[in-house]
Amino acid sequence: QVQLVESGGGLVQAGGSLRLSCAASGSIFSFVIMGWYRQAPGKQRELVAVITSGGSTNYADSVKGRFTISGDNAKNTVSLQMHSLKPEDTAVYYCSVDLRRVGVPGAYRYWGQGTQVTVSS
């Protein structure tokens, strides 16, 4: 089995910063892609940022220049550094990892439990 544990959410004032971290554990063989998604109340879950095992990144237009995703394949972690936070960034943030497991063919997606980020105006 694979487990993802997130940390780092909380309450911050507009303009502030937060860092989210996600640690994966279990019978992991290799990562394909790691990312962060978010879901605000009444809205669909949306992509925030992703990073491939090769280090390529992609960001939602709404967070470009403010958020930075980083991954450490050796430590099985992915982080999201968030600066210049806005009230519209308020959401539950989910870690998502596509990975290959030891002895299991194919790649599968796993999700963290979510961490709340609240930005006050």
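The values are calculated or read from the model by the stated rules, or taken from the named source; none is laboratory data. Keep in mind the model is a prediction, meaning the values are calculated, not measured. All Cβ positions, even for glycine, are placed from backbone atoms using ideal geometry, and neighbour counts span all protein chains on display. Each accessible area value is taken on the protein alone, full model and side chains, heavy atoms only, with ligands, DNA and RNA left out. Shrake-Rupley method; radii C 1.70, N 1.55, O 1.52, S 1.80 Å.
Largest first and to the nearest Å, give the Cα extent of segment 52-121 along each principal axis.
49, 24, 21
How high is the FRET efficiency from residue 56 to residue 83, r the C-beta distance, R0 22 Å, rounded to 0.05?
Rounded to the nearest 0.05, the efficiency is 0.55.
Between residue 98 and residue 73, 0.36 nm times their residue separation minus their Cα-Cα distance comes to what?
Between residue 98 and residue 73, full extension yields an extra 7.8 nm.
Could you please state how large a percent of the accessible area of the chain is carbon and sulfur, counting protein chains only and using a 1.4 Å probe?
50 percent
In Å², what does the accessible area per residue of the chain work out to with a 1.4 Å probe?
About 52 Å² of surface per residue is accessible.
Tabulate in residue order the Karplus-calculated ³J(HN,Hα) for segment 26-35, using 6.51 cos²θ - 1.76 cosθ + 1.60 with θ = phi - 60°, rounded to whole Hz; enter x for Gly and Pro.
These are the phi-based 3J(HN,Hα) values: x, 7, 8, 9, 7, 9, 9, 8, 10, x Hz.
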